[in-house]
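Participant: Quick one: the structure is below, questions incoming.
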Amino acid sequence: MPGASAGFAADRRLLDTAALDAALERGASPLELFKTTLLAGQDELLARFRNGVSAAQLVPARAWLVDQLVTRTWRRLLGGHNGAALIAVGGYGRGELHPASDIDLLILLPESGERPPLERLEGFVRFLWDIGLEVGHSVRSLDDCAQAAEADITVATSLMESRLLAGPAELHRAMRERTGPARLWPSRRFFEAKWQEQQRRHQKYDDTAHNLEPNVKEGPGGLRDIHVIGWVAKRHFGAETLRDLIGHGFLTEEEYRELSAGQAFLWDIRFALHSLTGRREDRLLFDYQTTLAKQFGHRDEDHNLAVEQLMQRYYRTVMELSRLNEMLLQHFQEAILYADDDAIPQLLSKRFQARKGFIEVTHRQVFKRHPYALLEIFLLLQQHPDLKGVRASTIRLIRQYSHLIDTSFRADPRCRELFMQILRQPRGVSHVLRRMHRYGVLGRYLPAFGQISGRMQYDLFHAYTVDSHTLFVIRNLHRMALGKYAEQLPLCHRIMAQLPKPELLYLAGLFHDIAKGRGGDHSELGAAEAEAFCRAHGLGSYDTHLVAWLVRNHLLMSMTAQRKDISDPAVINQFAQLVGDQTHLDCLYLLTVADIRATNPGLWNSWRASLLTQLYIAASRALRRGLGSPLEKDELIADTRRQAEQLLRASKLHHMTIRKIWAQFPDDYFLRFSAEEIAWHTEAIARSGPADLPLVLIDPDSPRGSTDVFVYAPDRDNTFAVIAATFDRFGLDIQDARITGTRDGYTLDSYLLLEADNGPVTDPERLAAIREALRQALLQDPLRPPPPVKRALPRRLRHFHTTTQINIELDARNQRTILELITADRPGLLARVGLAFSRCRVRIINAKIATIGERAEDVFFITDADNRPLIDPARQAELRQALLTALEG
């Protein structure tokens, strides 16, 4: 498309070309003159932006500014009659230059006659770099252009957007003809390639525009999606601007305005990013979001931060652009790929038919006469999986008539039945809900869902907006029912296959976060919404209560597994009491797994999977036994000892040796460890001597889905601090710590570790290095503090502030104290905590380590040096102050 700068009026405030030319004639240094002129022009553009001028005006203005300098440089260094053409390509060819955009140039050589000397071309490019322009250039002949364009569609696209800056116009026209659709990349082939290119690009960004740090240019719904529309329109229709698509019947005036407004907003964001960073930065990183929110006039409100307001506007904009992109590409697909397909439409219902593999209305008044058809079309898509999608003209009609989804529509029994049928279909549930969301139907049918559309939570824990997360949850739940995903989550698949009404789980997933951002407890508010919806849609009392209970308690299982000691029978019995029966447990387990897996790609790992499975199995056992006869502690200990003894028979250890070792172990040891772990520990201790201490055992891939490190060593106050510091120096994350003191002055420590990529440690050399480093650290003088951890704070963590909270409570039944620490995550955190504990002579019995985005939420089960709980308020205050001092250091 022609560059915007081609028709850009001269702007003397930006650049007085007459004054520039006069200064050159007076003999001013071209290098200094052009450099200061460029800087002054860019400063002027930035000042205008800060004063509220839209980037839609500034982007072509910068292209015009650069045009003036580049063309004058060309004439000065190469003269006007060298036979070559100077051509702007790519974004510069479109006349679109943001503050840090590359200046892409093609120097097109004539086939015969005079050619510019190579040293002059090099001097031309070098001069442009010297004045401050980042230039990307190529020097090609017509044959070179044709060969490069044929080999690479990116080159063909760039040349298609070319704009002549200087030189023979006929040479430029010849290049356009040689690389045009009549010679290369005909419109059908071009469209297919660009469509596949967009699909690959979207997959790179998890097929959602709602990542926490989106790419304004390349992400779904971003500027590149607008470019794709323009490229295809130009290749097939010869359209010079997007507005030309109106005349071709592919775009309405209203859609053109929406497309232009969306592009203008994204241009404002991109212009601000380039200006703020001083480089070509297209990622809306946490580093810049807060600053840009203030720059765009947003202010913090109750339950809605300024940055969340900006990002919600961004996400809603790119969603709308995604809808337009999908509709227009569908139009192009029909016009380009299926133009010769004259298949007879197949009737699907009175209101819909299939044409060329796509569903469409039988007449344009369908939605106006039968509003419920706005839901029926999605049900038909599920019932006819051979359909490839929705005809573009029908997508437009859905958008046109979506306003009919109002209070009376939602109260219509036909609409309610259709919505429930969609959830009850055996296939396509998540796909069709996503399509309903893209077309704006889901948010209108569920206004509360519309409110969370594009809503972000400014933290590192939630990787997606609330609406995207919710739809990922439903996708995860639906996949549990499909055989092709059974190997990923076999237990979930078995449970899901036994559920008679999976739609109840989908409803719980749909409503579990629907009340976020309102203030108050979103679980309680969401449960009320879910209950009202279920009653209105004819669900029975039991089903209604089940859905509402799941929404109200959707965090119960993850909080229990990650923050409580689930080796304690009392914790299991209490959890089972809250759940009540196996159906509630089954549904809660499935919803919890789906929720965690949809929150953050890095959050789900084998450790969390094993933790939830352990809790599920223990709770199932408690429910089978009966809530009135809970499993007793002594009974569980005896059972674990018997199993461990059976495993140890293969080791040929004498039973008296085993009993002698176990005599030093407290009862709690047999609660915290499995029979397999106890057998592993016991055999290693039995076969070790004084020279082997401290004993360090490593199971690189334990059944808990992590690397299990076991330490048997003389007990001392700073053991935890030393071990935590050692792990931190290796970049390892502690997931769980179980620490048990023996009766004869030793400690039995078990740590479950993961690498930074959430996997266990697998490299044998690294495992050996960890083992040796632990041994050496534990052999050091016990009065010598561990060396400080020197790893830098990761970039993402620098932009969040978490106020440290320390909560201390008594666990009288287990004669210990529970300390909950919520603070900012940072390298060396656990080593600092351990050092504070050792200085206060506090023993750690157990620890549940959880990193929630930028926050550490750790729970420590502790006693004093005499194995008694910390009851004295003065001792608690001393410990609290020691922790605060350690964390501030």
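The values are calculated or read from the model by the stated rules, or taken from the named source; none is laboratory data. All values reported here derive from a predicted model rather than from experimental measurement. Using ideal geometry, Cβ is built from the backbone for each residue, glycine included, and neighbour counts are taken over all protein chains shown. Quick note on the areas: whole protein, heavy atoms, side chains included, nothing else; ligands and nucleic acids left out. Shrake-Rupley method; radii C 1.70, N 1.55, O 1.52, S 1.80 Å.
Participant: Choose one of Leu223, Ile849, Leu783: the residue whose Cα lies farthest towards the positive end of the charge dipole of the chain (beta-carbon charges +1 Lys, Arg; -1 Asp, Glu; about the Cα centre).
Facilitator: Leu223
Participant: Find the Cα radius of gyration of the stretch 513-560, compare it with 2.2 N^0.38 Å by division, and give the number to two decimals.
Facilitator: Values: Rg = 11.1 Å, N = 48, 2.2 N^0.38 = 9.6 Å.
That ratio works out to 1.16.
Participant: Helix-only mean residue ellipticity at 222 nm, the chain, DSSP H runs n ≥ 4 weighted -39,500 (n - 2.57), per residue, nearest 500. What is it?
Facilitator: Working: 39 runs with 471 residues, N = 889.
It lands at -16500 deg cm²/dmol.
Participant: Go through Leu39, Ile153, Leu14 and say which Cα lies farthest out towards the positive end of the charge dipole of the chain; charges sit on Cβ, +1 for Lys and Arg, -1 for Asp and Glu.
Facilitator: It is Ile153.
Participant: Mind ranking 282-289, 36-43 by how tightly packed they are, going by the mean number of other C-beta atoms within 10 angstrom, highest first? List each step's numbers first, then the result.
Facilitator: Values: 282-289: 19.2, 36-43: 16.2.
Peptide ranking by packing, descending: 282-289, 36-43.
Participant: Could I ask something else about it? For the chain, with all protein chains present and a 1.4 Å probe, just round the carbon and sulfur fraction of the accessible area to a whole percent. Could you put the intermediate results ahead of the total?
Facilitator: Details: 18550 of 37570 Å².
Taking all protein chains in place, the chain shows 49 percent carbon and sulfur surface.
Participant: Each residue of the stretch 309-315 in turn: what ³J(HN,Hα) in whole Hz from Karplus with 6.51, -1.76, 1.60 and θ = phi - 60°, glycine and Pro shown as x?
Facilitator: 5, 4, 5, 5, 4, 4, 5
Participant: Work out from phi, with θ = phi - 60° and the Karplus expression 6.51 cos²θ - 1.76 cosθ + 1.60, the ³J(HN,Hα) of each residue of the stretch 145-161, listed in order in whole Hz, and give x for Gly and Pro.
Facilitator: Working through the residues one at a time gives 4, 5, 5, 5, 5, 5, 6, 9, 5, 5, 5, 4, 5, 4, 5, 5, 9 Hz.
Participant: Using alpha carbons only, what's the Rg to Rh ratio of the stretch 583-634 with Rh from Kirkwood? Present the calculation step by step, with values, prior to reporting the outcome.
Facilitator: Numbers: Rg = 13.4 Å, Rh = 12.3 Å.
On the Cα set of the stretch 583-634, Rg over Rh gives 1.09.
Participant: Tell me, what is a quarter of the convex hull surface for the C-alpha atoms of the stretch 808-852, in nm² with one decimal?
Facilitator: Numbers: hull surface 14.6 nm².
Value for the stretch 808-852: 3.6 nm².
Participant: Hey, how much of the P(r) for the stretch 286-344 falls beyond 14 Å, as a percent of Cα pairs?
Facilitator: Values: 1154 of 1711 pairs.
Above the 14 Å cut-off, the stretch 286-344 has 67 percent of its Cα pairs.
Participant: While we're looking at this one, here's another question. Just the C-alpha atoms of the stretch 76-150: what Rg/Rh do they give, with Rh taken as the Kirkwood radius? Please list the in-between numbers first.
Facilitator: Values: Rg = 13.0 Å, Rh = 13.3 Å.
Here the Rg-to-Rh quotient is 0.98.
Participant: Quote the charge dipole size of the stretch 123-232 about the Cα centre in Debye, to the nearest 20; the model charges only the Cβ of Lys and Arg (+1) and of Asp and Glu (-1).
Facilitator: Numbers: 15 positive and 16 negative charges, 62 e Å.
Result for the stretch 123-232 is approximately 300 debye, rounded to the nearest 20.
Participant: Given N residues in the stretch 504-625, what is its alpha carbon radius of gyration divided by 2.2 N^0.38 Å?
Facilitator: Details: Rg = 14.6 Å, N = 122, 2.2 N^0.38 = 13.7 Å.
Ratio of Rg to 2.2 N^0.38 Å for the stretch 504-625: 1.07.
Participant: Sorted from largest down, give the three principal axis spans of the alpha carbons of the stretch 749-869, whole angstrom values.
Facilitator: Sorted from largest, the Cα extents of the stretch 749-869 read 44, 39, 26 Å.
Participant: Further, regarding this structure: What percent of all Cα-Cα pairs in the stretch 380-419 falls in each 5 Å bin, counting up from 0?
Facilitator: In whole percents, the pair-distance histogram is 6, 19, 18, 22, 23, 12, 1.
Participant: Here is a further query. Given Cβ point charges of +1 (Lys, Arg) and -1 (Asp, Glu) and nothing else, what value in debye, to the nearest 20, does the dipole of the chain about its Cα centre take?
Facilitator: Details: 113 positive and 111 negative charges, 251 e Å.
Computed charge dipole of the chain: roughly 1200 debye.
Participant: Taking amide H atoms as placed 1.01 Å from N in the peptide plane, list the residues 5 or more away in sequence, or in a different chain, whose amide H sits under 5 Å from that of Leu748.
Facilitator: HN-HN under 5 Å from Leu748: Thr740, Gly741, Thr742.
Participant: Percent of alpha carbon pairs in the stretch 360-519 separated by more than 29 Å? Present the calculation step by step, with values, prior to reporting the outcome.
Facilitator: Values: 2759 of 12720 pairs.
Here the tail beyond 29 Å accounts for 22 percent of pairs.
Participant: Something else: Provide the three semi-axes, in whole Å and in decreasing order, of the ellipsoid equivalent to the stretch 821-889 as defined by the square roots of 5 times the Cα gyration tensor eigenvalues.
Facilitator: On the way: eigenvalues 86, 35, 21 Å².
Taking √(5λ) for each Cα gyration eigenvalue gives 21, 13, 10 Å.
Participant: With the other protein chains left in place, how much accessible area per residue, in square angstrom, belongs to the chain at a 1.4 angstrom probe? Walk me through the numbers on the way to the answer.
Facilitator: Numbers: 37570 Å² over 889 residues.
In whole numbers, the chain has 42 Å² accessible per residue.
Participant: Still on this structure, please answer the following. Residues with amide H under 5 Å of Val135's amide H, sequence separation 5 or more or different chain, H placed in the peptide plane at 1.01 Å from N; which?
Facilitator: Ile103
Participant: Using per-residue counts of other Cβ atoms within 10 Å, averaged over each peptide, order 355-364, 751-760 from highest down. Each step should come with its number before you reach the end.
Facilitator: Details: 355-364: 16.6, 751-760: 18.2.
Descending packing order for the listed peptides: 751-760, 355-364.
Participant: Moving on to the next point. Could you work out the equivalent-ellipsoid semi-axes for the stretch 588-669, taking the square root of 5 times each eigenvalue of the Cα gyration tensor, largest first, in whole Å? Don't jump to the answer; show the numbers that get you there.
Facilitator: On the way: eigenvalues 230, 74, 22 Å².
They are 34, 19, 11 Å, listed largest first.
Participant: Okay, moving on. Using the charge dipole of the chain (Lys, Arg: +1 at Cβ; Asp, Glu: -1 at Cβ; taken about the Cα centre), state which of His799, Tyr616, Ala836 has its Cα farthest towards the positive end.
Facilitator: The residue sitting most towards the positive pole is Tyr616.
Participant: Report Rg/Rh for the stretch 398-442, rounded to two decimals, where Rg is the Cα radius of gyration and Rh the Kirkwood radius. List each step's numbers first, then the result.
Facilitator: Details: Rg = 11.1 Å, Rh = 11.3 Å.
My calculation of the ratio gives 0.98.
Participant: So what J values fall out for the stretch 370-382 if you push phi through Karplus, 6.51 cos²θ - 1.76 cosθ + 1.60 with θ = phi - 60°, rounded to Hz, Gly and Pro as x?
Facilitator: 10, x, 4, 5, 5, 9, 4, 4, 6, 5, 5, 4, 5
Participant: Using just the C-alpha positions of the stretch 540-698 as equal point scatterers, what log10 of I(q)/I(0) does the Debye formula give at each q in 0.09 1/Å?
Facilitator: -0.41
Participant: Here is a follow-up. Per 10 Å bin, what is the whole-percent P(r) computed from every C-alpha pair distance within the stretch 691-830?
Facilitator: P(r) over the stretch 691-830, rounded to whole percents: 10, 36, 37, 16, 1.
Participant: Report the charge-dipole magnitude of the stretch 698-805 in Debye, nearest 20, computed about the Cα centre from +1 at each Lys and Arg Cβ and -1 at each Asp and Glu Cβ. Don't skip to the answer; put the middle values down first.
Facilitator: On the way: 14 positive and 16 negative charges, 110 e Å.
The dipole of the stretch 698-805 has a size of about 520 debye.
Participant: Cα-based Rg (one decimal) and Dmax (whole number) for the stretch 181-242, in Å?
Facilitator: 13.1, 43
Participant: When the C-alpha atoms of the chain are aligned to their principal axes, what extent does each axis show, in angstrom, from largest down?
Facilitator: Sorted from largest, the Cα extents of the chain read 101, 74, 52 Å.
Participant: Local charge sum around Lys234 (other residues, Cβ-Cβ under 14 Å, Lys/Arg +1, Asp/Glu -1)?
Facilitator: Values: positive: Arg94, Arg163, Arg176, Lys194, Arg235, Arg243; negative: Glu161, Glu240, Asp244.
In short, +3.
Participant: Follow-up. Restricting the calculation to Cα positions, tell me the Rg (one decimal) and the Dmax (whole number) of the stretch 34-167 in Å.
Facilitator: Final numbers for Rg and Dmax: 15.5, 51 Å.
Participant: Which angle between 0 and 90 degrees, to the nearest 10, do you get for helix 223-237 versus the longest principal axis of the chain when only C-alpha atoms count?
Facilitator: Relative to the chain, helix 223-237 is tipped by roughly 40 degrees.
Participant: Among 856-866, 766-776, 224-234, how do they line up by average Cβ neighbours within 10 Å per residue, starting with the highest?
Facilitator: Values: 856-866: 18.9, 766-776: 15.4, 224-234: 22.0.
Answer by packing, highest mean first, reads 224-234, 856-866, 766-776.
Participant: Continuing with the same structure: Based on a Kirkwood Rh over C-alpha pairs, give the Stokes-Einstein translational diffusion coefficient of the stretch 306-393 at 25 °C and viscosity 0.890 mPa s in µm²/s.
Facilitator: Values: Rh = 14.8 Å.
Using the Kirkwood radius from Cα pairs, D works out to 166 µm²/s.
Participant: Can you compute log10 of I(q)/I(0) for the stretch 439-539 with the Debye formula, treating each Cα as one identical point scatterer, at q = 0.22 Å⁻¹?
Facilitator: Debye output, listed in q order: -1.19.
Participant: Also: Taking only the alpha carbons of the stretch 2-113, what extent do you get along each of the three principal axes, in Å, biggest first?
Facilitator: Cα extents, longest axis first: 51, 35, 22 Å.
Participant: Okay, next question. Quick check: convex hull over the Cα atoms of the stretch 217-269, volume per residue in Å³, rounded to an integer?
Facilitator: Values: hull volume 3.7 nm³, N = 53.
Residue-normalised Cα hull volume stands at 70 Å³.
Participant: Work out, in µm²/s and without decimals, the Stokes-Einstein translational diffusion coefficient of the stretch 110-266 at 10 °C, 1.306 mPa s, Rh from Kirkwood over C-alpha pairs.
Facilitator: In µm²/s, the coefficient is 88.
Participant: May I ask you to list the lysines whose Cα is less than 26 Å away from that of Lys194, ignoring any residue fewer than eight positions away on the same chain?
Facilitator: Partners found: Lys204, Lys217, Lys234, Lys356, Lys388.
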